[in-house]
Amino acid sequence: MPAPDRSCLRASDGYRVVCSEHTEAVEFASAHHYAKGAARSSVRRDALWSKDGRMVGVAIWMPPLPSAGRTAVMLPGIKHAALPWTGVLALSRLVLDAEVGRLANATGFLLAGSMRLIDRVRWPLLLTFADSGHGHVGTVYKATGWIDTGLVPGGTIWRHRETGAQRGGRCGPVNLKASELRAMGYEKVPPSMKRRFVHVAGWRSEQLDRVLSAVTSLKAGRLHADDYT
């Protein structure tokens, strides 16, 4: 009998996805994510743990900005479902350590495990973005049933000159001035395009086909988003 393939991550090898504390999830993201940080608050955090008790990955979820939530529920193919924008939950961080990240299915294992733990009655629509500026195309989202709705402009990003940490212009409910951010050691970087993905709870294949058909028509210029009901 051939030896088992160890290039993939398996639950039988002792890996598990469980709820995490916000502080430890942010600490992990700060150490392993290219943005070197995460938001100050979150709705839920799920961690990937190894058999020997090491945290090797985290998924951090939070409500999106109201504008992003409202846009998500009005996307072609989704608008007719009349989902509330307050039911949109955004994947803010999805990151693994370098060793586990080399395993072919590790990111999908963490993402799928985290999605199963979310209350999909409270959060019927999931939202995330793949940053093309870092070479991300969203392969893991396609593999876990998310819908690619196309490229959208990214927001303004500020990067710390010394640490490389990235952040937006908000500090809690306050929008910081550019002069304040520069005084804190940040400089503005050109925004990149991001590929937006959504995942709708409980939709059957024919419903997903409807969304994909609408998105395809929109990209081809045959349909305006406001025309699809």
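Overview of values
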item	result
Pairs, first over 18 Å from T71 (Cβ atoms) and touching a residue at least 12 places away in the same chain (Cβ under 8 Å) in the range 130-153, second polar (S, T, N, Q) and surrounded by 13 or more Cβ atoms within 10 Å (Cβ to Cβ), C-beta under 7 Å, six or more apart	S132/S192; G133/S192; V140/T107
Any helices (runs of 4 or more DSSP H) falling wholly within the range 40-137 and containing at least 2 residues that are modelled with pLDDT of 95 or more and buried (at least 20 other Cβ atoms within 10 Å of the Cβ)	106-116
Test: residue in the range 167-177 that is surrounded by fewer than 17 Cβ atoms within 10 Å (Cβ to Cβ), of a type in the set (V, I, T), more than 21 Å from P84 (Cα to Cα) and at pLDDT 75 or above	no
Matching residues in the range 138-152 - criterion: being in a strand (DSSP E or B) and in contact with a Leu (Cβ under 7 Å, 6 or more places away or on another chain)	I147, T149
Selection status of R45, under 15 Å from the mean Cα position of the chain (by Cα) and of a type in the set (D, E, K, R)	yes
Selected residue (criterion: surrounded by the fewest Cβ atoms within 10 Å (Cβ to Cβ)) from residues of the range 11-36 that are among the charged types (D, E, K, R) and part of a loop (DSSP other than H, G, I, E, B)	E21
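The values are calculated or read from the model by the stated rules, or taken from the named source; none is laboratory data. Here the structure is a predicted model, which is why all the values come from computation and not from measurement. Cβ sites come from the backbone with ideal geometry, for glycine too, and all protein chains shown count toward neighbours.
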